[in-house]
1. Which residue pairs have Cβ atoms closer than 7 Å, lie 6 or more positions apart in sequence or on different chains, and pair a first residue in the range 30-46 that is of a type in the set (Gly, Ala, Ser) with a second residue that is part of a helix (DSSP H, G or I)?
2. Using the structure shown, decide if Ile333 is within 16 Å of Leu191 (Cα to Cα) and not in a strand (DSSP E or B).
3. Any residue at all in the range 281-297 that is among the basic types (Lys, Arg), in contact with a Gly (Cβ under 7 Å, 6 or more places away or on another chain) and either crowded, with 22+ Cβ neighbours inside 10 Å or farther than 17 Å from Leu21 by Cβ (or both)?
4. How about the range 47-69: which of its residues are part of a helix (DSSP H, G or I), out of contact with any strand residue (DSSP E or B) (no Cβ under 9 Å at 6 or more places or on another chain) and either touching a residue at least 60 places away in the same chain (Cβ under 8 Å) or closer than 24 Å to Val329 by Cβ (or both)?
5. I need the full set of residues from the range 181-205 which are surrounded by fewer than 24 Cβ atoms within 10 Å (Cβ to Cβ) and near the ligand (Cβ under 7 Å from one of its atoms), in order please.
6. For residues that are outside any strand (DSSP E or B) and touching a strand residue (DSSP E or B) at 6+ places or on another chain (Cβ under 6 Å), tally how many sit in the range 126-158.
7. When the range 159-196 is examined, which residues are found to be at pLDDT below 95, touching a Phe, Trp or Tyr at 6+ places or on another chain (Cβ under 7 Å) and part of a helix (DSSP H, G or I)?
8. Filtering the range 222-233 down to residues that are within 13 Å of Pro205 (Cα to Cα) and surrounded by fewer than 23 Cβ atoms within 10 Å (Cβ to Cβ), which residue is farthest from the ligand (Cβ to nearest atom)?
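The values are calculated or read from the model by the stated rules, or taken from the named source; none is laboratory data. Bear in mind that the values here come from a model prediction, so they are computed numbers and not experimental data. Cβ: placed from backbone, ideal geometry, glycine included. Neighbour counts: every protein chain shown.
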Amino acid sequence: MRCIAEHVQAILVGSGWHPSLFRSEMEILCRKRPFRFGTRVMLADSNYDFFEDLKRSATLDECLSPFGLTTDITSLEAVIEGWINDKNLDFEKGKSIAVRWLRIEGGINGINGQKLAIFCGNLLKNNGWKIDLESPDVELMIILDGISEHIFWGERRISKHPREGWVQRVATERPFFKPISLDPRLARVALNLVIRDTGKIICDPMCGTGGVLLEGALLNQQMVGIDLDIEMVKGTKENINWLKKHNLDIKLQHVFHGNAINVNQILDDKKIKINGAVFDPPYGKNAWKSERRKGLFLDVLKNIRKANGIDFGARLVCFLPIKPGIHGVNEPIKGEINLGDYSTNQLKLEFNKTGWEIIGMHAIPVHGSLARMLIYANAI
Ligand SMILES: C[S@@+](CC[C@H](N)C(=O)[O-])C[C@H]1O[C@@H](n2cnc3c(N)ncnc32)[C@H](O)[C@@H]1O
């Protein structure tokens, strides 16, 4: 199968950490919903040249373009041979190549990835390529997916992992750390879902240790954070200064002391116009056990909606606790489900009253007795 057309096309493979968030993130970054194979593989076909944007991803493991795919095990070698001989890979004399392979979701019975890679390597050698497994100019990647039962192959567009270096900058490495810090992967997915224009400002009205602000800084996104606790405000500033030492070119990040209930007023006073919000309220297991907590959350939603710059279609991501064990990570939460302190329909209704429409919900297991949910909403 030859895949060069007027569109930009690629096979995208998720890390497996959170397949349903992976698919939502890809839909946003490719600016069109990719076609789905199983849970972790997608085919993106867009008029938008998305390769640069994919480098921002928190969930992507592989991007192959040009690519081929098949379900036919019996003629697999012949199909790949045809694809290689069709000059899908951009050959120049002296160029080197490595063939890699990856089995996901258990791989496919009857296919030996290593043998297939050696077969491809020999074909490429016969076509004039130099084989170099250490630092090749081009990498041909073969993926055996046990869920969709497809074999995908193609030129690897991301050899440098989008999440390279994340281990070094986990929250515990920051000068100001508290166990409340948001997982950088979640902060990044949340920002990718919300950011519509990197020139506009995103707000975290309960910024804590600055997990969302730091991730925004790494995405070259201007951010504003607010927290009621002065220690958090100082700590977030300290973390941002620490990050600046590593990334000299980060955009300005504002941090203010204040109550998130007054978010619109605080931003007005500072003459800051925002374009979206990401926040993680201070709830443990029980989100809305008390009316006061529920009221605080809904007031914050209502007043973010009133903030200057939050127009129709602006986006928001927030997190709430849910009953553990009710939902996995392969599919988004859909339909009427009892989530513990509330049901999906009740939540949708409450959001509507504050000027937001929920467009996606994803369960985030934390540990045996705690789970959370990422809620993604549009301003209405
Ligand atoms: C779960 S933490 C946020 C963690 C943050 N995302 C991070 O990465 O560190 C919730 C934060 O909300 C703050 N907070 C609680 N009530 C608030 C309010 N009314 N206005 C602003 N901040 C508030 C708390 O001080 C706490 O820092």
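1. Taking only residues 6 or more apart or on different chains, the pairs are Ala44/Met26; Ala44/Cys30; Ser46/Cys30.
2. Numbers: within 16 Å of Leu191 (Cα to Cα): no; not in a strand (DSSP E or B): yes.
No: the conditions fail for Ile333.
3. Filtering the range 281-297 down to residues among the basic types (Lys, Arg) leaves 285, 289, 292-294.
Next cut, in contact with a Gly (Cβ under 7 Å, 6 or more places away or on another chain) only: none.
No, the range 281-297 has no match at all.
4. Selection gives Asp53 alone.
5. Ser181, Leu182
6. Narrowing the range 126-158 to residues outside any strand (DSSP E or B): 126-129, 132-137, 146-149, 157-158.
Of the ones still in play, those that are also touching a strand residue (DSSP E or B) at 6+ places or on another chain (Cβ under 6 Å) are 129, 132-133, 136-137, 148, 157-158.
Matching residues across the range 126-158 total 8.
7. Residues satisfying the conditions are Ala171, Pro184, Arg185.
8. The initial filter retains those residues of the range 222-233 that are within 13 Å of Pro205 (Cα to Cα), namely 223-229, 232-233.
Retained after the next criterion (residues that are surrounded by fewer than 23 Cβ atoms within 10 Å (Cβ to Cβ)): 228-229, 232-233.
On the way: Leu228: 4, Asp229: 4, Met232: 4, Val233: 9 Å.
Filtering first and then ranking leaves Val233.
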